[in-house]
Each structure stands twice: as C-alpha cells, then as structure tokens.
Amino acid sequence: MNYSYRISVRSFVEYVYRSGSLDTRYYMNNSMAEGTKVHQKIQKQYREKDQNECFLKTDLEYKDITFQIEGRCDGLLFDEGTVTVDEIKSNQKS
C-alpha cells in the first residue's frame, strides 16, 4: 500500500531543521515592510533569465510513502545549466 502526504515547503523545512525558527509572529508591521524592501532590492539584481516569486512542486518517494512538497520560492536563478533556488531571509538587530 502506498501512502501520500501533502506538505508545504515551510512545514517540511521546519520539521527537518527543528532548531531555529521561521516564525514571523513577533515581527512588527514596520519590520515586515523593511523585509519586503530587502526582497525587492535583491530581486531587482536578478538577471533577465532569472525568475522571482515562483511556485514549485515535486513528489518525493521514500519506501511506500509519497511526499507531495509544494511552495513558493523567492527566486530561481539560472547560470550555465545550473538552477539555484533562492530564498531570501532578513533579520533585524534589536
């Protein structure tokens, strides 16, 4: 019997890397606006063939389990046959 589970990239990464946090509950609106500006500044540096804000989806099989992993990435960067998934994170000093 084959089991299938759908999981977001964020949930998958949070489980795999149980230390640290991707929690955004404690950010002020101002901090989130600043983070958006950082994202936009970095994405403006992408080359013409690169893509930003891309939806990705894949199925990974392990034994009799199929994991359907999907989510959005900040960018896909293309360079001489290599594709890099770009995920932009910013932080703020307190």
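A short reminder: the numbers here are calculations on the coordinates, not readings from a lab. Nothing here was measured: the structure is a model prediction, and the numbers come from that model. A quick note on method: Cβ atoms are made from the backbone with ideal geometry, for glycine too, and the neighbour counts reach across all protein chains shown.
Determine, for 76, 56, the number of other Cβ atoms within 10 Å of each Cβ, and report the residues in order from fewest to most. If you can, show how the numbers build up before the last one.
On the way: 76 17, 56 12.
Placing the least packed residue first, the sequence is 56, 76.
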* Please find the FRET efficiency linking residue 37 to residue 64, where r is the Cβ-Cβ separation and R0 is fixed at 41 Å, and quote it to the nearest 0.05. => 0.35
* Asked: If the cut-off is 17 Å between C-alpha atoms, which aspartates and glutamates fall inside it for residue 89, apart from same-chain ones fewer than 8 positions away?
  -> 14, 23, 34, 53, 74
* To do: Sticking with the crude label model, points 7 Å out along Cα→Cβ, report the distance from residue 3 to residue 77 in nm, one decimal please.
  => 3.8 nm
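How would you rank 9, 85, going from fewest to most other Cβ atoms within 10 Å of each one's own Cβ? Walk me through the numbers on the way to the answer.
Details: 9 17, 85 12.
Fewest-to-most Cβ neighbours within 10 Å comes out as 85, 9.
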* Asked: If the chain between residue 48 and residue 12 were fully stretched, how many nm would it gain, using 0.36 nm times the residue separation less the Cα-Cα distance?
  -> 9.9 nm
